[in-house]
Amino acid sequence: MEPIEILIFTAIAILAIVVIALFIFFSKKAIIKRKLKKSELKRLSRFRSGETAKIVGKVEFVDPPLKAPLTHRKCSHYHVKIEEKKTSGNNSRWVTLVKEEKQVRYLIKDGIKYAYINDSFLKSYIVQDAKYSSGFWTDPTENVEHFLSSKGIDPTGFFGFNKTFRCKEGILEENEEIAVYGHGEWKDAAELALPAKYGKVLEITATGEEAIYLSDDPDTTEEQPQNHSTNRRTENARKGRYRK
């Protein structure tokens, strides 16, 4: 291979890597996880009205739960994505056929305190832990086939052979731990049309042009480790101020 050809090939490879890296960095999943991981974590017991921060708590159903389409699991929120592999000559690509997200009302419990998301301006990333595929030798599950049919999609093609699908589903189950970032105001449960037994509930809303961020990814619910060296310097400085 000539030097100029090597140079061109290298440049194309580097450009492809950069494009892929940028795509991953600015993906919806990456943006939401990055926001939640960097945000200040506050316990509900210490959250004051008017503050904007991240909370972590467990899902508690308020409305009757939904039934997730692909697994029939009870949940308060689900996200389903179904793609079909399309082939043309030597090229193939995945085409999204269904992208559906639904939710009902639920609370976020932290200790004996509760929070409630009361805004539709929400950016969520739910881990898609249920994955199915179908193809020439693999039939879709009964639930997947029923869901496809409900959307008017025939799972078979010419001569009755299975089409190639990949299906993903993510849900928020009862008692599942989630992280939520938003603006909080303490209100009476009745004021939020919630059962009075919950007393004071932290209403979570968006702030201006910034959405509420939500995820059940463990990376977002774990408390981030503090910088111990910085903490030691701060502590030494604090002690120094009070030396006589």
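The values are calculated or read from the model by the stated rules, or taken from the named source; none is laboratory data. As the structure is a prediction and not an experimental result, all values here were calculated from the model. So basically every Cβ, Gly included, is an ideal-geometry build from the backbone, and we count neighbours across all protein chains shown.
Please specify each residue of the stretch 197-211 satisfying the condition of being out of contact with any His (no Cβ under 8 Å at 6 or more places or on another chain) and either surrounded by 13 or more Cβ atoms within 10 Å (Cβ to Cβ) or modelled with pLDDT of 95 or more (or both).
Answer for the stretch 197-211, where residues must be out of contact with any His (no Cβ under 8 Å at 6 or more places or on another chain) and either surrounded by 13 or more Cβ atoms within 10 Å (Cβ to Cβ) or modelled with pLDDT of 95 or more (or both): LYS197, TYR198, GLY199, LYS200, VAL201, LEU202, GLU203, GLU210, ALA211.
Could you please find all residues in the stretch 107-130 being of a type in the set (Ser, Thr, Tyr) and farther than 24 Å from ARG46 by Cα? Reasoning before the result, please.
Pass one, the stretch 107-130, residues of a type in the set (Ser, Thr, Tyr): 114, 116, 120, 124-125.
Scanning the stretch 107-130 gives SER120, SER124, TYR125.
Just need a number here: residues in the stretch 165-192 that are out of contact with any Ser or Thr (no Cβ under 7 Å at 6 or more places or on another chain) and of a type outside the set (A, V, I, L, M, F, W, C).
9
Sort out which residues of the stretch 157-195 are aromatic (Phe, Trp, Tyr) and buried (at least 19 other Cβ atoms within 10 Å of the Cβ), and write them in order of number.
PHE165, TYR181
Conditions tested, residue by residue: (1) farther than 27 Å from THR156 by Cβ; (2) modelled with pLDDT under 95.
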| position | (1), (2) |
| --- | --- |
| LYS67 | no, no |
| LEU70 | no, no |
| TYR78 | no, no |
| LYS81 | no, no |
| SER88 | no, yes |
| SER92 | no, yes |
| THR96 | no, no |
| ARG105 | yes, no |
| ALA130 | no, no |
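Among what's in the stretch 113-156 and is hydrophobic (A, V, I, L, M, F, W, C) and in contact with a Phe, Trp or Tyr (Cβ under 7 Å, 6 or more places away or on another chain), pick the residue that is surrounded by the fewest Cβ atoms within 10 Å (Cβ to Cβ).
PHE136
What pairs can you find where one residue is in the stretch 135-164 and under 13 Å from GLU83 (Cα atoms), the other is surrounded by 12 or more Cβ atoms within 10 Å (Cβ to Cβ) and of a type in the set (D, E, K, R), and their Cβ atoms are less than 7 Å apart, with a gap of 6+ or different chains?
Note: pairs meeting the criteria are PRO155/GLU145; PRO155/LYS163; LYS163/GLU84; THR164/GLU84; THR164/LYS85.
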